[in-house]
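Trainee: I am attaching a structure below and will ask some questions about it afterwards.
The values are calculated or read from the model by the stated rules, or taken from the named source; none is laboratory data. Note that the coordinates shown come from a computational prediction; the quantities given were computed from them, not determined experimentally. Positions of Cβ are backbone-derived with ideal geometry, glycine not excepted, and every protein chain shown enters the neighbour counts. Accessible surface areas use protein heavy atoms only, side chains included; no ligands, DNA or RNA. Shrake-Rupley method; radii C 1.70, N 1.55, O 1.52, S 1.80 Å.
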Amino acid sequence: MENKEKQPLVQVKHLCKYFKVGRHADLKAVDDVSFDIYKGETVGLVGESGCGKSTTGRCMIRLYEPTKGEVIYDGKDITKLSKAEQKEFCRKVQMIFQNPYASLNSRMTVKEIVGEGLKQHGVPKNEIDKRVQALLETVGLNKDHMSRFPHEFSGGQRQRIGIARALSVDPEFIICDEPISALDVSIQAQVINMLKDLQEERGLTYLFVAHDLSVVKYISDRVVVMYLGMVVEQAETEELYSNPQHPYTKALLSAIPEADPDKAKANRRIPIKGEIPSPINPKQCCRFAERCEYATDRCFNEVPELREVCPGHKVACHLMDEK
Ligand SMILES: Nc1ncnc2c1ncn2[C@@H]1O[C@H](COP(=O)(O)OP(=O)(O)O)[C@@H](O)[C@H]1O
Ligand SMILES: [Mg+2]
């Protein structure tokens, strides 16, 4: 089936999340972000630390109420669900967190952590042990781990426990918020591969959040690039990596280490000038302008719209008009 005939599983529409940080100060963590996620695909959400990725994810799972805009799940606005629909939504949509040290309750055993959701969703008590054991095996742990506490595990193992917890309620959609950023490089690939296999076996849909473009290339079907609360570019993965348009995306891509020395020589590393600016009361202009080597007057005075430059490829940059 063609994507355009299907309704997306998740639609983020003009989502804004502002935090009041003073009498006249709004921290615009997410400011008019829109993208869709189709069933069974992985969308990578990428951008430097502080650009609003986690806030976007939190709004999508109702941990935060949006300031403006909406999140539509399976055709329904998630802030307008009935009690019964809310319960189902809490089951269908799960999150895996960045920090496997902070996201597991240190006073609960693995059995309690993984079994909690099962209990809440009405799995009979005498079945919970068996289900937890099966879930642990699914993520490469075993039943001997059930009575242990989180501190007895390595970072990679803790993330596996977090994944087992997310899987316990048989979700449809999982927000993976930098699930490997806190892990040793040596085990990052194992966890990514496991997430990929689980997706295939269970038909899961993922939003995969990362702060650089190297990780998401391997796991994503499409990529959304954020900068300071806004989407600057989105496209299918192949297209984004081979034909990036936004200067920020180009700079992020040039920062990925190239294993092949000949290619590395050919790729000019594009520096990004200065520091990421503050998201408090941002100016109505291109938020990347002050760091962009191509910025013109217009970039400092007008917010660029996110526009389709070819099918499925959208860019928010005034330079596109000059092409
Ligand atoms: N609860 C909050 N209160 C105030 N500011 C917040 C809160 N959560 C996040 N922020 C701010 O919002 C911006 C985006 O944060 P976040 O979504 O965590 O970014 P990322 O996940 O991309 O690193 C940052 O400037 C951060 O300091
Ligand atoms: Mg984050």
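Trainee: Going through region 23-36 one residue at a time, which ones are open to solvent by less than 30 Å² (accessible area, probe 1.4 Å) and farther than 17 Å from E236 by Cα? Explain how you work it out, then say what you get.
Mentor: Restricting attention to region 23-36, the residues satisfying the condition of being open to solvent by less than 30 Å² (accessible area, probe 1.4 Å) are 25, 29-31, 33, 35.
Matches in region 23-36: A25, A29, V30, D31, V33.
Trainee: I'm checking my understanding of the structure. Among residues of region 215-256 that are among the small types (G, A, S) and in contact (Cβ under 8 Å) with a residue 24 or more places away in the chain, which one is farthest from ligand 2 (Cβ to nearest atom)? Walk me through how you get there before you give the answer.
Mentor: Our first condition is that a residue be among the small types (G, A, S); within region 215-256, this holds for 220, 229, 235, 242, 251, 254-255.
Subsequent filtering for residues that are in contact (Cβ under 8 Å) with a residue 24 or more places away in the chain retains 220, 229, 235, 255.
Values: S220: 17, G229: 13, A235: 22, A255: 18 Å.
My answer is A235.
Trainee: Let me ask another. Can you pull out the residues in region 166-199 that are assigned to a loop (DSSP other than H, G, I, E, B) and among the charged types (D, E, K, R)? Lay out the reasoning, then the answer.
Mentor: Here is the first cut: in region 166-199, the ones assigned to a loop (DSSP other than H, G, I, E, B) are 168-172, 178-184.
Once the filter is applied, which keeps residues that are assigned to a loop (DSSP other than H, G, I, E, B) and among the charged types (D, E, K, R), region 166-199 yields D170, E172, E178, D184.
Trainee: While we're on this one: Residues that are more than 16 Å from ligand 2 (Cβ to nearest atom) and open to solvent by 20 Å² or more (accessible area, probe 1.4 Å): which strands (runs of 3 or more DSSP E) entirely in region 37-128 hold 3 or more of them? Quick ask: steps written out before the conclusion?
Mentor: Working: elements: 42-46, 68-73, 93-96.
Answer list for region 37-128: 68-73.
Trainee: Still on this structure, I have one more. Does L195 satisfy the condition of being buried (at least 19 other Cβ atoms within 10 Å of the Cβ), modelled with pLDDT of 95 or more, under 30 Å from K119 (Cβ atoms) and within 16 Å of ligand 1 (Cβ to nearest atom)? So that I can check it myself, show each step before the final result.
Mentor: Numbers: buried (at least 19 other Cβ atoms within 10 Å of the Cβ): yes; modelled with pLDDT of 95 or more: yes; under 30 Å from K119 (Cβ atoms): yes; within 16 Å of ligand 1 (Cβ to nearest atom): no.
Here the answer is no, as L195 does not meet what is asked.
Trainee: Taking helices (runs of 4 or more DSSP H) that fall entirely within region 208-323, which contain at least 2 residues that are within 16 Å of ligand 1 (Cβ to nearest atom)?
Mentor: Numbers: elements: 213-219, 237-242, 247-254, 261-266.
The qualifying helices (runs of 4 or more DSSP H) are 213-219, 247-254.
Trainee: Moving to a separate point now. Which one is farthest from G44 (Cα to Cα), of the residues in region 170-183 that are over 16 Å from the mean Cα position of the chain (by Cα) and either modelled with pLDDT of 95 or more or within 16 Å of ligand 1 (Cβ to nearest atom) (or both)?
Mentor: D170
Trainee: Show the residue pairs meeting these rules: Cβ distance below 8 Å; 6+ apart or different chains; first residue within region 39-52 and without any contact (Cβ under 8 Å) to a residue 24 or more places away in the chain; second residue open to solvent by 10 Å² or more (accessible area, probe 1.4 Å) and within 15 Å of ligand 1 (Cβ to nearest atom).
Mentor: Taking only residues 6 or more apart or on different chains, not a single pair turns up.
Trainee: Tell me, which residue of region 184-214 that is in contact (Cβ under 8 Å) with a residue 60 or more places away in the chain and over 16 Å from the mean Cα position of the chain (by Cα) is farthest from D74 (Cα to Cα)?
Mentor: L198
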